[in-house]
Amino acid sequence: MLTLKQARQLRTVLLGTLGWLVALIIFFPIFWMILTSFKTEIEAFSSPPQLFFMPTLENYIEINSRSSYLTYAWNSVVVSFGSTFIGMLLAVPAAYSMAFFETKRTKSTLLWMLSTKMLPPVGVLVPIYLLFKDFGLLDTRTGLIIIYTLINLPIMVWMIYTYFKEIPKDILEAARLDGATPIQEIVRVLLPISKGGLASTVLLALILSWNEAFWSLNLTASTAAPLTALVASYSSPEGLFWAKLSAVSTLACAPILIFGWLSQKQLVRGLSFGAVK
Amino acid sequence: MSISNLQVDKATGAEGSASSVKSQNRQKSRISLAMVSPSVLVLLVWMIVPLAMTIYFSLIRYNLLYPGDEPFVGLENYYYFLTDEGFAAGAFNTLYLVLSVLAISVIFGVLIAVLVDNDFWGRGIVRVLLISPFFIMPTVTALVWKNLLLHPVSGVFAAVWRFFGAQPVDWFAEYPMGAIIMIVSWQWVPFAVLLLMTAMQSLDQEQKDAARLDGAGPLAIFWHITLPHLMRPIAVVVMIETIFLLSVFAEIFTTTGGGPGYATTNLAFLIYTQALLQFDVGMASAGGLVAVIIANIAAFILIRIIGKNLTDKQ
């Protein structure tokens, strides 16, 4: 019996080591990016790359002293929160109606909504670009908010629909018998019950808008450009400032990374449309 | 109206007359319609208006460099787009990229999910580390890989190669598509891991134990119990990843710019270069429609296979 126990222990240790190894390899690029952000530019470019060095904050100080960084960051905040807010206003009632007043068209509507996500953005880039030009929406935060609301709406409706589906109908019937209007039903009964699921929908929408790079690169130039555009501008030939690039990237990714870590369990449920619990 | 709804309506409306039930139902469906319509309407406009414009532009000769000269040319743009050497390369690269990343993320996703399903020290931290790349901006991912990892002189890969006495590889020159696939996979394997490792937790442990008592080896258990259990989450991974992989853009834009030649140009990037670099709106629109048609074929196949799986539950 002892040998069996020992064998099991050995197996645990081996699998654990392997698990840690895989995790560290996958995480390494992020670790390296953060590490590089504390190097001087010369250290960042040195060959072979240095693992040990005197950490410096000069990159962060310089980035913050350029006021432009804050403009980009503020654009990211406004655009992602704005589009998520409007998206929720549209998606919650739609999901409510689909989950609790299901008709025979509901499923095809849901699938149709998802299929609009299959439209490659590049297929409609030209008309959107020209429309934006005509309406003066090019390089505006409003324009980006409109686009992000539309591209995230299908996934938001799906996720919220999934969460609402899990709520027993009796609870709503009880509220309705007490004379609650649909709006009251949503606000007083539904939202409190499903706040975990709604929170994760909000988080996913924030993550997707924060990281979106196709529209932000093509529809903005300077005034409304979010962090994705700032980071992309470091790919230009003269931008061989890797330590600063790393610092900007770290700042751009940190909030979303922490958001993601905190909400991973809820995210999974919504992202898989309830296929995974 | 679904059966369960009808039953509830019957139960609550039993005391009232049949007509009041009917009017109640009508009112309900009116309210529910009012609540779905905003979302449906904006999405409908979002789909139809740009699409109609794209179709129109694709039929005229329309170059922003020559304003005022926009004759109707029929299918000329399609002809030029489809016979352009970039199209064959772009279509092939799109397919190659999507299928490679899908295969890599499903295979590694399953393996890693099974691995971290075992109990070991620090498993929580390992999971957090594993899923992190999914939350990183594509532009950041691309730049970090290009400059800090794959750079032939000062990159980490080059250092590792040199450590083993090998000649460092200039990835974007020698294996441009391989490098792109590596970068995109790094972003999407974690997504598969995230979904699959959560799915592993609901795997019936007793079933596994019973199989083990019957003398089934780990491989047999994996093949006959674990894998079937993961089929639905894998379907979800394939569907969502396909949506995003068909239009990979930032990773190419910030690293290779589609080159060298057409080596890493996918359809999304090809149309982008035509529209915004060559200002040929007509041809770009034709290309956009071709991309939409290809995406719709993919969507149709996927929804046929997976969509049923997603809605017919509970």
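The values are calculated or read from the model by the stated rules, or taken from the named source; none is laboratory data. The shown structure was predicted, so the numbers you read here are calculated from the model rather than taken from an experiment. Methodologically, a virtual Cβ is constructed for each residue, glycine included, from the backbone with ideal geometry; neighbour enumeration extends over all protein chains shown.
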> Among the numbered criteria (1) within 28 Å of B:Leu130 (Cα to Cα); (2) assigned to a helix (DSSP H, G or I); (3) in contact (Cβ under 8 Å) with a residue 12 or more places away in the chain, which single criterion is violated by A:Pro55?
Replying inline: (2)
> Within the stretch B:111-122, which residues are part of a helix (DSSP H, G or I) and facing chain A (nearest Cβ under 7 Å)?
Replying inline: B:Ile112, B:Leu115
> Does at least one position in the stretch A:87-98 carry a residue that is touching a residue at least 12 places away in the same chain (Cβ under 8 Å) and either more than 10 Å from chain B (Cβ to nearest Cβ) or acidic (Asp, Glu) (or both)?
Replying inline: yes
> When you scan the stretch B:145-240 for helices (runs of 4 or more DSSP H) that lie fully inside it, which ones turn up with 1 or more residues that are aromatic (Phe, Trp, Tyr)?
Replying inline: B:156-163, B:171-174, B:176-201
> If you go through the stretch A:99-125 one residue at a time, how many are of a type in the set (Ser, Thr, Tyr) and at the interface with another protein chain (Cβ under 8 Å from one of its Cβ atoms)?
Replying inline: 4
> Considering the stretch B:220-240 alone, what residues qualify as being touching a residue at least 24 places away in the same chain (Cβ under 8 Å) and within 11 Å of another protein chain (Cβ to nearest Cβ)?
Replying inline: B:His229, B:Leu230, B:Arg232, B:Pro233, B:Ile234, B:Ala235, B:Val236, B:Val237, B:Met239, B:Ile240
>> Being at pLDDT 80 or above, within 30 Å of B:Asp280 (Cα to Cα) and either out of contact with any Phe, Trp or Tyr (no Cβ under 8 Å at 6 or more places or on another chain) or surrounded by 19 or more Cβ atoms within 10 Å (Cβ to Cβ) (or both) is the requirement here; does A:Leu130 meet it?
In response: yes
>> Among (1) at pLDDT 75 or above; (2) more than 9 Å from every other protein chain (Cβ to nearest Cβ); (3) exposed (fewer than 14 other Cβ atoms within 10 Å of the Cβ), there is one condition B:Ile55 misses while meeting the rest; what is its number?
In response: (3)
> Yes or no: A:Lys195 modelled with pLDDT under 80, surrounded by fewer than 16 Cβ atoms within 10 Å (Cβ to Cβ) and facing chain B (nearest Cβ under 7 Å)?
Replying inline: no
> For B:Ser247, all conditions in the list (1) in a helix (DSSP H, G or I); (2) within 14 Å of the chain's Cα centre (by Cα); (3) within 11 Å of chain A (Cβ to nearest Cβ) hold save one; what is the number of the exception?
Replying inline: (1)
> In the stretch A:126-137, which residues are facing chain B (nearest Cβ under 8 Å) and of a type in the set (A, V, I, L, M, F, W, C)?
Replying inline: A:Val126, A:Ile128, A:Leu130, A:Leu131
>> Between a residue in the stretch B:158-187 that is more than 11 Å from chain A (Cβ to nearest Cβ) and any residue that is charged (D, E, K, R), which pairs come within a Cβ distance under 9 Å, given they are 6 or more apart or on different chains?
In response: B:Trp171/B:Lys146; B:Phe172/B:Lys146; B:Ala179/B:Lys146; B:Ile180/B:Glu251; B:Val184/B:Glu251
>> Among the residues in the stretch A:11-30, are any surrounded by 14 or more Cβ atoms within 10 Å (Cβ to Cβ) and at pLDDT below 80?
In response: no
>> List the residue pairs whose Cβ atoms are under 7 Å apart, where the first residue sits in the stretch B:72-86 and is within 23 Å of B:Phe269 (Cβ to Cβ), the second is among the aromatic types (Phe, Trp, Tyr) and part of a helix (DSSP H, G or I), and the two are 6 or more positions apart or on different chains.
In response: B:Phe81/B:Phe87
> Picking from A:Tyr60, A:Tyr72, A:Tyr96, which residue would you name as being farther than 30 Å from B:Pro168 by Cα, surrounded by 14 or more Cβ atoms within 10 Å (Cβ to Cβ) and not assigned by TED's automatic domain parsing to the domain that holds A:Phe241?
Replying inline: A:Tyr60
> How many of the residues making up the stretch B:268-293 are at pLDDT 80 or above, more than 7 Å from chain A (Cβ to nearest Cβ) and in contact with a helix residue (DSSP H, G or I) (Cβ under 7 Å, 6 or more places away or on another chain)?
Replying inline: 7
>> With the requirement that a residue be within 12 Å of the chain's Cα centre (by Cα), in a helix (DSSP H, G or I) and surrounded by 24 or more Cβ atoms within 10 Å (Cβ to Cβ), what does the stretch A:207-227 give you?
In response: A:Ser209, A:Trp210, A:Asn211
